[in-house]
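Beneath this line is the structure, given in structure tokens, with notes to follow.
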There are 2 protein chains.
Amino acid sequence: MPRIAKKSGTYHHGDLRRVLLETAVRVIDHDGLSALSLLALARKAGVSSGAPYHHFESREQLLIAIADEGFERLVAEMKRGAAEANADAASQLRGLGLGYIRFALAHRGHFRVMFRTEFQRHLSNPHAVPGGEGFGMLRDAILRCQAEGLAPSGDPMSLVLIAWSCVHGASALWIDGSLGNKPLVVDEETLATMISSTIVQLIAASGSRAS
Amino acid sequence: MPRIAKKSGTYHHGDLRRVLLETAVRVIDHDGLSALSLLALARKAGVSSGAPYHHFESREQLLIAIADEGFERLVAEMKRGAAEANADAASQLRGLGLGYIRFALAHRGHFRVMFRTEFQRHLSNPHAVPGGEGFGMLRDAILRCQAEGLAPSGDPMSLVLIAWSCVHGASALWIDGSLGNKPLVVDEETLATMISSTIVQLIAASGSRAS
DNA sequence: ACCTGAACACCGTTCAAGT
DNA sequence: ACCTGAACACCGTTCAAGT
């Protein structure tokens, strides 16, 4: 609901940048990254072949913009997951995981772009997961679990790594279609809760009796 | 060492198919999937633009061949990991995970292609992980752990999913460069052992006192 | 400030023709 | 059986010219 004021009939003023971004994400959602063509995008938006270059330096920069947007939303979804959870450390950790997976499954176009090697160096977003806020929230939740005896008390980083790998791996496997044909999970919400509950349970069970 | 007999000086008979496959993997290793061009491949091999099409129906079929090869080697590496481990169920599980991660890090070109959505339907390989042998080994190891009290005794599938997600996620994050700039891991072998040891430890610790 | 449309180098794929 | 090389449609990107 914010300040995006749209003109009426035609694309040519309005917000070509937004239109390109949204159309691109939709294409990647449905047909994968390699199906994305700036020329086709311009055609779909009803503008000429050169028009996109007034909003993005290159195809790569368009993708980087999508990745930045994705990291913002990922952090937001993780915060939401934590906010909806109980206050104890284990529930908080579980909420973060839930948010991560929910974001990935609901925005597979963004997710596919965010973790591509080619763009890792160019991310401008301050709270990109590999760099900042999301990672920090995860680490803090693990530290709280350890402080409350809800996690084994060794090096926290290996637990951070395990937790992150779990939610990331499950998201990637589902999005790329490796899980659909297995007797594993049937729907997305089940996957999200199953993964985040199980991993937190394993961590917590090992904790309450660790050194 | 098997039956690949190479002619002497020139590519033009020898084994263009193999040369194309190997060059392609090398390109994807270094510059990612989107940097792969059949035309450039042909140039590098010293053949004409149409030559690759006598060995692969299309660019996509070349990638499917790489994926098939990758799944074969992944299963082999998992078997090797299990063979080198102790005989108890937890060590076996750990060996499979080690093999998975080691394969991924040593063959990132293959790994990147193997799990791409676009190819999931066309895999011809009988022991592709999502379909067969690798998945079966993982499931059996989990079942053995449960039988020996080295894993919680509920639905085995959620543990299979957790274990697979962990090793897959860690591999993907490392390969795509999300882990390099973190205070998490420094080298590949450390990552592989840290992930597989920690997850098996968590599973085992929850097991020895579960119902 | 934003858009057009022609231009260039490149790519995937096809196909008649060669050996 | 395998390879050539021209051809076609498509793509990313640039740039003078328009409003």
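This table checks each residue for (1) in a helix (DSSP H, G or I); (2) within 8 Å of DNA strand D (Cβ to nearest atom).
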residue: A:A40; (1), (2): yes, yes
residue: A:E57; (1), (2): no, yes
residue: A:A67; (1), (2): yes, no
residue: A:G70; (1), (2): yes, no
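Residues in the range B:1-28 that are of a type in the set (D, E) and either at pLDDT below 95 or assigned to a loop (DSSP other than H, G, I, E, B) (or both): B:D15 only.
Residue by residue, here is whether (1) within 16 Å of DNA strand C (Cβ to nearest atom); (2) surrounded by 14 or more Cβ atoms within 10 Å (Cβ to Cβ); (3) under 26 Å from B:R112 (Cα atoms) holds:
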site	(1), (2), (3)
A:V25	no, yes, yes
A:D29	no, yes, yes
A:S48	yes, no, no
A:H55	yes, yes, no
A:L62	yes, yes, yes
A:A67	no, yes, yes
A:E72	no, yes, yes
A:K79	no, yes, no
A:Q92	no, yes, no
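Quick grid of which residues meet (1) in contact with a Lys or Arg (Cβ under 9 Å, 6 or more places away or on another chain); (2) within 14 Å of chain B (Cβ to nearest Cβ):
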residue	(1), (2)
A:G81	yes, no
A:E84	no, no
A:A87	no, no
A:Q92	yes, no
A:G95	yes, no
A:R102	yes, no
A:G109	yes, yes
A:V113	no, yes
A:E118	no, yes
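Scanning the range B:149-181 for residues that are more than 24 Å from A:S197 (Cβ to Cβ) and either more than 7 Å from every other protein chain (Cβ to nearest Cβ) or hydrophobic (A, V, I, L, M, F, W, C) (or both) yields B:W174, B:I175, B:L179, B:G180. Here B:R102, B:R17, B:R112 are screened, and the one residue that is within 12 Å of DNA strand D (Cβ to nearest atom) and among the charged types (D, E, K, R) is B:R17.
Among the criteria (1) part of a helix (DSSP H, G or I); (2) more than 30 Å from A:Q146 (Cα to Cα); (3) modelled with pLDDT of 95 or more, the one A:R94 does not fulfil is (2).
For the subset of the range A:121-165 comprising residues that are acidic (D, E) and in a helix (DSSP H, G or I), which member is modelled with the highest pLDDT? Top of the filtered list is A:D140. Every condition in (1) more than 13 Å from every other protein chain (Cβ to nearest Cβ); (2) among the hydrophobic types (A, V, I, L, M, F, W, C); (3) more than 10 Å from the chain's Cα centre (by Cα) holds for B:I142 except the one numbered (1). I'd like to verify a number: residues in the range A:31-46 that are touching a residue at least 60 places away in the same chain (Cβ under 8 Å) and within 14 Å of DNA strand C (Cβ to nearest atom), how many? Of the residues in the range A:31-46, 0 are touching a residue at least 60 places away in the same chain (Cβ under 8 Å) and within 14 Å of DNA strand C (Cβ to nearest atom).
The values are calculated or read from the model by the stated rules, or taken from the named source; none is laboratory data. Computed from a predicted model, the values in this text were never measured in an experiment. In this analysis, Cβ positions are derived from the backbone assuming ideal geometry, glycine residues included, and neighbour counts consider all displayed protein chains.
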